[in-house]
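Remarks on the structure that follows.
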Amino acid sequence: MDATGSTVRTDGLVREFHTGAERLTAIDDVSVEIAAGSVVALTGPSGSGKSTLLHLIGAIERADRGTVTVDDVVVTGLRRAALAGYRQRVGFVFQRYHLLPALTVLDNVIAPVLPQRRGRADRADRARELLAAVGLAGRERALPAQLSGGQQQRVAIARSLMGAPRLLLADEPTGNLDSTTGAQILDLLLDLRDRHGMTILLATHEQAIAARCDRLIRLNDGRLVEDVDLTDGEDPADTYDRASRLRL
Ligand SMILES: Nc1ncnc2c1ncn2[C@@H]1O[C@H](COP(=O)(O)OP(=O)(O)OP(=O)(O)O)[C@@H](O)[C@H]1O
Ligand SMILES: [Mg+2]
């Protein structure tokens with residue numbers, strides 16, 4: 001596997017919603033370039049467009065104008081079959097988990113992987129490893145409804161990593177976790193990035209999470225209003241100072 005992760009670029013990206021006579025511009029002319037292997041915190045108030053931007057980059061929603069380019073592939077120009085292949089390669093953690101209620105935890109993690117890519121036993125082994133890594137060893141046979149919100153969120157994180165994605169789009173992946181578990185999840189993601197190469201774009205409201213990222217971009221009313229390189233000229237270990245400057 002390429003050890004660098006994907007590069008991501010948006011150019012003049014626009015997404016509008018029409019409800020009755022109202023027109024709302026959820027993403028308003030966003031152009032941003034994300035380097036391969038970087039971990040970027042996407043912040044901004046509720047309703048600022050974080051989820052919408054992640055959905056556009058993940059090709060879960062279609063853009064009204066502008067382009068998304070991932071590793072030189074213009075994702076916004078792909079046709080249906082190629083889009084399905086693209087979605088399969090990107091890891092996505094949904095803000096509301098979207099676990100399948102009738103499947104066990106283990107089968108939820110296995111579910112997105114195309115059957116021909118790995119044997120069932122291989123897939124189950126990998127799913128168990130990922131579940132252990134997110135702290136859910138022993139809960140493989142539970143149903144989502146038997147888990148807490150934070151546990152369901154961790155299943156969703158394990159599922160997103162199943163295909164060893166080079167790009168992970170995570171919508172508030174630690175939003176329902178206590179700060180210790182949230183920090184452990186970020187440890188896991190950063191470790192995977194370091195070992196296998198992965199670009200991570202994660203929406204977050206939490207200073208402690210954003211402060212450990214390489215870069216912070218902030219949206220407001222669908223516009224990109226701030227872009228900070230958090231690795232620039234300071235001690236990466238000094239996250240306290242960074243956190244106090246971030247004003248999330
Ligand atoms: N399907 C939809 N139909 C109409 N409006 C929508 C739809 N999805 C999102 N919006 C609107 O687009 C804007 C951006 O929403 P989005 O969910 O991207 O915000 P967010 O930054 O993720 O917020 P939060 O922090 O609450 O998750 C909001 O004003 C929202 O109401
Ligand atoms: Mg959101």
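The values are calculated or read from the model by the stated rules, or taken from the named source; none is laboratory data. For clarity, every value in this text was computed on a predicted model and none was experimentally measured. Counting neighbours? That spans all protein chains shown, and the Cβs are built from the backbone with ideal geometry, glycine included. With ligands, DNA and RNA removed, areas are computed over all heavy atoms of the protein, side chains included. Shrake-Rupley method; radii C 1.70, N 1.55, O 1.52, S 1.80 Å.
Of all the residues that make up region 32-69, how many are assigned to a loop (DSSP other than H, G, I, E, B) and not hydrophobic (A, V, I, L, M, F, W, C)?
Start the filter on region 32-69 by keeping residues that are assigned to a loop (DSSP other than H, G, I, E, B), which leaves 35-38, 44-49, 58-64.
Retained after the next criterion (residues that are not hydrophobic (A, V, I, L, M, F, W, C)): 37-38, 44-49, 58, 61-62, 64.
Summing the residues that are assigned to a loop (DSSP other than H, G, I, E, B) and not hydrophobic (A, V, I, L, M, F, W, C) in region 32-69 gives 12.
Just checking, which of V70, V40, V8 is touching a residue at least 60 places away in the same chain (Cβ under 8 Å), more than 12 Å from ligand 1 (Cβ to nearest atom) and either of a type in the set (S, T, Y) or out of contact with any helix residue (DSSP H, G or I) (no Cβ under 9 Å at 6 or more places or on another chain) (or both)?
Working: V70 fails: either of a type in the set (S, T, Y) or out of contact with any helix residue (DSSP H, G or I) (no Cβ under 9 Å at 6 or more places or on another chain) (or both); V8 fails: either of a type in the set (S, T, Y) or out of contact with any helix residue (DSSP H, G or I) (no Cβ under 9 Å at 6 or more places or on another chain) (or both).
Just one listed residue meets the conditions, V40.
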Take the residues in region 43-59 that are aliphatic (A, V, I, L, M), more than 9 Å from ligand 1 (Cβ to nearest atom) and touching a strand residue (DSSP E or B) at 6+ places or on another chain (Cβ under 7 Å); name whichever of them is farthest from R89 (Cα to Cα). L56
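If you go through region 138-152 one residue at a time, do you hit one that is assigned to a loop (DSSP other than H, G, I, E, B), within 16 Å of ligand 1 (Cβ to nearest atom) and either among the polar types (S, T, N, Q) or on the phi > 0 side of the Ramachandran plot (or both)? First the steps, then the outcome.
If we filter region 138-152 for residues that are assigned to a loop (DSSP other than H, G, I, E, B), which is where we start, we get 138-143, 147-148.
Checking which are within 16 Å of ligand 1 (Cβ to nearest atom) leaves us with none.
Scanning region 138-152, I find no residue that is assigned to a loop (DSSP other than H, G, I, E, B), within 16 Å of ligand 1 (Cβ to nearest atom) and either among the polar types (S, T, N, Q) or on the phi > 0 side of the Ramachandran plot (or both), so the answer is no.
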Among residues of region 134-153, those that are open to solvent by 50 Å² or more (accessible area, probe 1.4 Å) and in contact (Cβ under 8 Å) with a residue 40 or more places away in the chain, counted: 3
Please go through region 14-25 and pick out each residue that is touching a Ser or Thr at 6+ places or on another chain (Cβ under 7 Å) and within 16 Å of ligand 2 (Cβ to nearest atom). R15
Near pairs, Cβ below 6 angstrom, 6+ apart or cross-chain, from region 181-192 (in contact (Cβ under 8 Å) with a residue 12 or more places away in the chain) to any residue that is among the small types (G, A, S): L188/A133
For region 15-36 the number of residues that are away from ligand 1 (no atom under 12 Å from the Cβ) and open to solvent by less than 30 Å² (accessible area, probe 1.4 Å) is 2
Among the numbered criteria (1) more than 15 Å from ligand 1 (Cβ to nearest atom); (2) touching a helix residue (DSSP H, G or I) at 6+ places or on another chain (Cβ under 7 Å); (3) touching a residue at least 24 places away in the same chain (Cβ under 8 Å), which single criterion is violated by F92? (1)
Give region 45-65 a look and list any residue that's in contact with an Asp or Glu (Cβ under 9 Å, 6 or more places away or on another chain) and either within 9 Å of ligand 2 (Cβ to nearest atom) or open to solvent by less than 10 Å² (accessible area, probe 1.4 Å) (or both), or say none. G47, S48, G49, K50, S51, T52, L54
Taking only region 26-44 into account, find how many residues are under 18 Å from G12 (Cα atoms), within 16 Å of ligand 2 (Cβ to nearest atom) and within 14 Å of the chain's Cα centre (by Cα). 1
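Listed here are the residues, each with its yes/no results for (1) modelled with pLDDT of 95 or more; (2) open to solvent by less than 50 Å² (accessible area, probe 1.4 Å); (3) acidic (D, E); (4) in a strand (DSSP E or B).
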site	(1), (2), (3), (4)
A164	no, yes, no, no
T174	no, yes, no, no
Q184	no, no, no, no
L188	no, yes, no, no
L192	no, yes, no, no
I200	yes, yes, no, yes
I217	yes, yes, no, yes
D232	no, no, yes, no
P236	no, no, no, no
Looking only at region 13-31, how many residues end up being outside any strand (DSSP E or B) and of a type in the set (D, E)? 0
